[in-house]
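**Q** Please find one structure pasted underneath; my questions will follow.
The values are calculated or read from the model by the stated rules, or taken from the named source; none is laboratory data. Owing to the predicted nature of the structure, the values given are computational and were not obtained by experimental measurement. With ideal geometry, Cβ positions are generated from the backbone for all residues, glycine too; neighbour counts draw on all protein chains shown. Remember, those area values only see protein heavy atoms, side chains included, never the ligands or the DNA or RNA. Shrake-Rupley method; radii C 1.70, N 1.55, O 1.52, S 1.80 Å.
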Amino acid sequence: MVSIPQPADIATAVRIYYAHLSLGNTEIRELFGRISSGRIVQLKNLAREVMAEENIMARDSYSVNTRAAYKAWGLDINDLESRHRKLLALKEKEN
């Protein structure tokens with residue numbers, strides 16, 4: 001069983017989802033912060049399992065499909081977007 005780390009930042013998680021069709025080591029490290037190469041391999045393998053189940057072709061051997069990865073890692077983009085909007089609204093009220 002692989003322990004899924006928390007995203008480093010909700011805004012970053014939303015931006016990465018929409019900015020990248022596939023995720024490599026660089027994007028995964030940006031998403032989760034300082035994690036080891038071994039943990040990245042484990043996370044990619046989880047994403048590849050979802051890709052196989054959903055017949056999603058890999059773009060290359062070094063990256064995983066973003067949508068499949070977020071699903072495998074339990075990151076719901078709709079929830080993340082909602083939280084991000086609420087955080088922005090709270091910041092606006094503070095000013």
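**Q** Mind listing P(r) for region 2-95? All alpha-carbon pairs, 5 Å bins, whole percents.
**A** 2, 14, 25, 24, 16, 9, 5, 3, 2, 0
**Q** Go through region 1-93 and name the trypsin sites (Lys or Arg not before Pro) that are in a DSSP coil and have 11 or fewer other Cβ atoms within 10 Å of their Cβ.
**A** Those that pass, being in a loop and sparsely packed, are Arg34.
**Q** Here is a further query. Where only protein heavy atoms count, and the probe is 1.4 Å, what is the accessible area per residue for the chain in Å²?
**A** With the other protein chains kept in place, the chain gives 68 Å² per residue.
**Q** Sticking with this one: For the chain, which whole percent of the accessible surface, found with a 1.4 angstrom probe, sits on carbon and sulfur atoms?
**A** Roughly 49 percent, rounded to a whole number.
**Q** So what is log10(I(q)/I(0)) for region 1-43 at q = 0.16, 0.28, 0.29 1/Å, when the Debye sum runs over its Cα atoms only?
**A** Evaluating at q = 0.16, 0.28, 0.29 Å⁻¹ gives log10 I(q)/I(0) of -0.38, -1.06, -1.11.
**Q** Okay, moving on. Which GluC sites (Glu not before Pro) in region 1-61 sit in a loop by DSSP (not H, G, I, E or B) and have at most 13 other Cβ atoms within 10 Å of their own Cβ?
**A** Loop-located and lightly packed - Glu54.
**Q** Please work out how much length the chain gains when fully extended from Ser61 to Tyr18, using 0.36 nm per residue of separation minus the C-alpha to C-alpha distance, in nm with one decimal.
**A** Working it through step by step, the gained length comes to 13.4 nm.
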